[in-house]
Each structure stands twice: as C-alpha cells, then as structure tokens.
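Worksheet: the structure to be examined is printed underneath.
Every number here is computed from the coordinates shown, using simple stated rules; none is lab data. Note that the coordinates shown come from a computational prediction; the quantities given were computed from them, not determined experimentally. Here the Cβ positions follow ideal geometry from the backbone for every residue, glycine too, while neighbour counts run over all protein chains shown.
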Amino acid sequence: MSENAQDTIEGFLTCALDIGERMLISGGEVNRVEDTITRVCKAAGAQRVDVYTITSSIVVTMGMPDGQVITQTRRISRQKLDMNALDRLNDLSRYICQTKPSVAEVRSMLKQIEVLPQYSFGTQVVMYALVSGSCAMFFGGNGWDGLASALIGVLLKFVQTFLNKTCPSDFFTIILCSIFGGVMAHLFLRLGLGENPAMINLGNIMLLIPGIKLTNAIRDMIRGDTITGVLCFAEAVIVSMAIAWGFAVITF
Amino acid sequence: MERILIQLITAFTSSLGFAYIFNVKGKRIFYDGIGGFLAWGVQLLAAAFLTNEALCYLLGSAALTAYAEGMARWQKCPTTLFIVAGSIPLIPGGALYRTMSYGISRDWQAFFNQGLETLLLAVAISAGILIVMVLDQIWHNARALSRKRKAQA
C-alpha cells in the first residue's frame, strides 16, 4: 500500500458510494445497490462491509484488515430511471471486481457514465404520444380516444419539461400536470375529438402514475427490505392520490 | 377477438415507448416491447382458463421474469432492464387511479374494494417476479455446488 493509503481507501469508498448512488437514481433495486457496493469494497481489500440502503440514503461502513474502520453516508434526493446508465454501472462494478483499477481510473469511468447521451427531446415527445395513445386503447378506448390521448401526451411532455425546470416541488409538478391533463381531455371532448374521457385520461395517467413504484415497493417488502418498501408504498399512494385529484378537478 | 388483438399490439407499443422513456438503448428497446407483449399474452391466456385474476397476473409477471432472466444472461446486463418496461401492461396503474378517484369522490365502499383489488394485483405481480428470481437463484447455486463437488472429486 502507498503512503497515502488512507486517502486511497477513503477515496475508494467515495467512488463505491458514487456508483451506488447513481445506480439507485437510475432505478437499481435496493438489494442490487447493496450487493454492488459490498462487492466493490471487498475488491478494494475490505474485510468487512456493512451497507444499509433505503431509497433516500446509503450508509456504508468498511472495515480494513489493519483495523481501520471508515464510514460514509450519502443522501439520495430524487430518482430518474435510466436503464442505460444502470447497465453501464453494472459493467463498471464488474470491471472493478475483476481488474481492481485505481481510484482515478474509476472516477474517469464514472464521469463517462454521467455524460451518456439521453434521447432527444423530439424522440421523447413522440414516445409520450405513443405511450398515451397505446394505453388509452389498451384500457378499451377507441382510435379517436387514442389519438386525443396521444396529442395530450405531447402537450404534457412540454408542460412537464417546463415544470421540471421551474417548479421546486416534484409533488406540485405532478399535480399541475394532472390538472392540465384533465382540463385538456375535457377541451378535446368539447372540440369533438374522442368519446370516452376516462379512456383519454387513463392514457395520460399511465405516464404519471407511480405504478412501477407501487409494484417495486411490494417486491421490496416481500424480499425483506421493509423500510424501503413502506417508504415507496407511502410515496406511491400519496402521489397517485394527487394525480386522481388533479385529473378530477375539472369535474368539480 | 379484436379486443385481444388491440390489447396485444398496444401492450407491445406501450412497453416499447416506456423503454425509450427509461433510456433503454439499441435492440433492447425491441426486446422490451416483446416482453410487454409476452407478459400480457400469458395473462390473457391464463385468463381463458382461470377465473382468479390475481393468479393470471402472477403467471404473466412470472413469464416476463423468466424471459428477462434469459435476456439478461444473453445480453449481459441487469434483469431490471427487461422487467421495468416489460411489466407496463401488467402494472395496475389504471386500478390505482380508479381507487384514488373513488377516494376523491368519497365513495368509501368502492374505494376499499378497488383498493384491495389494486393491492392484490400489485402483490401478485411482485410475487410472480420474485418466485422466478428465487427459483433462478436456486438453480444457479445448485449448479455451482455440483460443479464444486465434481472439482473436488
């Protein structure tokens, strides 16, 4: 070990946490994140690794063979699903376990993952339309309902992007998007496009409603990550209530 | 019949769309669509023989997970990649919304009934995913164990 071993080990733990944090943000499951951090720390020579992860925080304590114990924590603020980043982080952690690269190398690889390309705004708009239209028809709407839902989906993407940049609260962003969706559905019906308002709304709701979160929450609970499960479950219920309220505002 | 066809096609396209939204890259987007198609197809097939809705959803998500495990091994990437977008047709987003809208209109009886229904579906989907994942893990570990034994012998 070099003379600044402590720097290296602490730096390494920071890197391990960076990987875990990015994984959690990108949509990695709690047990996957814990497993990855443990493996990466063990690769750095740790004798004992204790990781505790809930959706909003990670705590890692790393015990070295020479008796040194280091702890670092990380607060996770918001989630944004990014499967490509998750895949690359997974590859990175495997690479670390196999070749045990230097901290600087891991840092530069993490930087590369951070700047991975996202789909262009145009593509995302088209996909919002595709998902809205598909879901409206999936739940039993006819072609016109699907079309109306797709058009509202496009507008919703613009509103959501704008609010993501300006609105300080995710919760209010969701509520405002829901109100907008409900109002637009009524407007489209008045204009004669679409027949079934519930189906048009359902198409747009699928874009906003945390259905995946609800399912994952229960999965975490069954698996034994009870706190994470309960936390996500409560969040999913609160957000979906807000969405239902938002879409219903126009009918009051 | 037409209903089923529309559902299968839209299950494919909505999973495909979500794959883009979740930033899946390359051919895997298409595989995600297939996953959604498979999940809903199995659910429909099960529904033709079974009356228990939750069980149908469980079978659908189990089939999806088996597919995802296979794909993940082939593509050398996390299973999550194929489960998140593929499970979209099964996810009880519509039911969750209906539950909450009953709550908003203070129809408590319907709220509780629909709420339990939604919860049941979510539990069924999670169970389907977990059962296959655990079975896969057992199979994997058992094979590693037997390999170890052979190496020792």
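Side notes on the structure shown:
- Size of charge dipole - region B:58-153 - debye, nearest 20, with Cβ of Lys, Arg +1 and Asp, Glu -1, no other charges: 720
- Dipole axis of the protein assembly as shown (+1 Lys, Arg; -1 Asp, Glu on Cβ), positive-most option in B:Leu120, B:Gly60, A:Thr173: B:Gly60
- Per-residue shielding of A:88-97, expressed as the average number of other chain Cβ atoms within 10 Å of the residue Cβ, stands at 1.
- Among A:Ala85, A:Met241, A:Gln98 - extreme Cα towards positive end, dipole of chain A, charges at beta-carbon: A:Met241
- Here is how the number arises for the protein assembly as shown: DSSP H runs of 4 or more residues each give -39500 (n - 2.57), the sum is divided by the residue count, and the result at 222 nm is -26000 deg cm²/dmol.
- Cα centre as origin, Lys/Arg/Asp/Glu Cβ charges: the protein assembly as shown dipole, Debye: 780
- Rh by Kirkwood over Cα pairs, then Stokes-Einstein D for the protein assembly as shown at 0.692 mPa s and 37 °C, µm²/s: 147
- When the Cα positions of B:Asn23, B:Leu45, B:Ser101 are compared along the charge dipole of chain B, B:Asn23 comes out farthest toward the positive end, with charges on each C-beta of Lys, Arg, Asp and Glu.
- Shielding by other protein chains, A:124-135, mean Cβ within 10 Å: 6
- Magnitude of the charge dipole, region A:5-114, Cβ model with Lys/Arg +1 and Asp/Glu -1, debye to 20: 140
- Pairs of Lys residues in chain A are counted when their Cα atoms are under 20 angstrom apart and they lie 8 or more places apart or on different chains; the count is 7.
- Region A:5-114 shape via C-alpha gyration tensor axes, a/c threshold 1.5: oblate
- In region B:1-53, the trypsin sites (Lys or Arg not before Pro) that fall in loop regions by DSSP, at most 12 other Cβ within 10 Å: B:Lys27
- Partner chain coverage, peptide B:37-46 - average Cβ within 10 angstrom: 0
- Percent of alpha-carbon pairs separated by more than 24 Å within region A:121-251: 31
- Relative contact order %, chain A, counting alpha carbon pairs below 8 Å whose residues are six or more apart: 16
- Each peptide in A:17-29, B:9-21 gets a packing score, the mean of other Cβ atoms within 10 Å over its residues, and the list from highest to lowest is B:9-21, A:17-29.
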